[in-house]
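Trainee: A single structure is presented below for examination.
The values are calculated or read from the model by the stated rules, or taken from the named source; none is laboratory data. Predicted, not measured: the structure shown is a model, and the values here were computed from it. Cβ placement follows ideal geometry from the backbone for every residue including glycine, while neighbour counts extend to all protein chains displayed.
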Amino acid sequence: NRREEPLTGQNDYIVYAVRQNEGFDSHRMLLECAARHTGLPASSFRREQAEGEKPQLLGGPELHFSVSHSGDWWCCAFGEQELGLDIQINRPCRAEGLARRFFHPNEVDWLEGQNFSQQAFYRLWTAKESCVKLSGRGFGDGFSGFSVAPPHPARPVWRILPFDPDYTLCLCANRIDHVTIEEIER
């Protein structure tokens, strides 16, 4: 199944979505998705990661990617530019307490204006995680040290993507033009 969502910007991205099952192998699926994306055999790719840096796929054309999983879903995005992807299952949570503990004060204020709704909370949470993945900084640099609350800065941009209504899926990049979501049946 393919779902396309035109977005504003300059770059195209593809998100592969796969339902996880028992024995699911994230590494193997990453290589299979890279093969699907490039037309090269999965065996030509290898994943490497230097300490403190973002992982890379070697053995084919330069690909930027980001992987995320939550609940039943595993997702991987590819693009020609750096990107970050996050998916979260929309489970009931104490949005106000989590926001006050982990979010920037501007985000807490914005969420308060949204009555700390679960939908608004997960929009910000996935936006923050995808921005952290884009930067490669990791969570140790302070989740509360930056804000993605509307109106958010011009760069990077983040977009909540149309997906399973029980989940929030967010892509972050310096520019986004078009995103295709392809569900892979297994």
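Trainee: Counting only residues that are out of contact with any Asp or Glu (no Cβ under 8 Å at 6 or more places or on another chain) and among the charged types (D, E, K, R), which one in the range 160-186 is farthest from L124 (Cα to Cα)?
Mentor: R186
Trainee: Hey, among A120, A127, which residue is surrounded by 23 or more Cβ atoms within 10 Å (Cβ to Cβ) and either touching a Gly at 6+ places or on another chain (Cβ under 6 Å) or in a helix (DSSP H, G or I) (or both)? If you could, list the steps in order and put the result at the bottom.
Mentor: On the way: A120 fails: surrounded by 23 or more Cβ atoms within 10 Å (Cβ to Cβ).
Criteria check complete, one pass: A127.
Trainee: In the set I176, I160, I181, which member is closer than 14 Å to Y13 by Cα, without any contact (Cβ under 8 Å) to a residue 60 or more places away in the chain and not basic (K, R)? Steps first, please.
Mentor: Working: I176 fails: without any contact (Cβ under 8 Å) to a residue 60 or more places away in the chain; I181 fails: without any contact (Cβ under 8 Å) to a residue 60 or more places away in the chain.
Answer to the selection: I160.
Trainee: Can you tell me which residue is surrounded by the fewest Cβ atoms within 10 Å (Cβ to Cβ) among those in the range 144-164 that are of a type in the set (D, E, K, R) and at pLDDT 90 or above? Can you show your working first?
Mentor: Start the filter on the range 144-164 by keeping residues that are of a type in the set (D, E, K, R), which leaves 155, 159, 164.
Right, trim to at pLDDT 90 or above and you get 159, 164.
Values: R159: 19, D164: 16.
Only one residue fits best here, namely D164.
Trainee: Another question about this same structure. Kindly indicate which of E96, E107 is within 18 Å of P151 (Cβ to Cβ), of a type in the set (D, E, K, R) and in contact (Cβ under 8 Å) with a residue 12 or more places away in the chain. Break it down into steps so the answer makes sense when it comes.
Mentor: Values: E96 fails: within 18 Å of P151 (Cβ to Cβ).
The unique qualifying residue is E107.
Trainee: Output the residues belonging to the range 50-75 that are within 15 Å of the chain's Cα centre (by Cα) and modelled with pLDDT of 95 or more. Please lay out each step first, then the result.
Mentor: The initial filter retains those residues of the range 50-75 that are within 15 Å of the chain's Cα centre (by Cα), namely 54-55, 64-71, 73-75.
Correct list: F65, S66, V67, S68, H69, S70, G71, W73, W74, C75.
Trainee: Next question, about the same structure. Identify all residues within the range 58-108 that are among the acidic types (D, E), within 23 Å of V18 (Cα to Cα) and buried (at least 17 other Cβ atoms within 10 Å of the Cβ); write none if there are none.
Mentor: E82, D86
Trainee: Another question, then. For the range 76-84, state whether one or more residues are out of contact with any helix residue (DSSP H, G or I) (no Cβ under 6 Å at 6 or more places or on another chain), modelled with pLDDT under 95 and among the polar types (S, T, N, Q).
Mentor: Looking through the range 76-84, at least one residue is out of contact with any helix residue (DSSP H, G or I) (no Cβ under 6 Å at 6 or more places or on another chain), modelled with pLDDT under 95 and among the polar types (S, T, N, Q).
Let's see how each residue does on (1) outside any loop (DSSP other than H, G, I, E, B); (2) of a type in the set (A, V, I, L, M, F, W, C); (3) in contact with a Pro (Cβ under 7 Å, 6 or more places away or on another chain):
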site: L98; (1), (2), (3): yes, yes, no
site: R101; (1), (2), (3): yes, no, no
site: P150; (1), (2), (3): no, no, no
site: F163; (1), (2), (3): no, yes, no
site: R175; (1), (2), (3): no, no, no
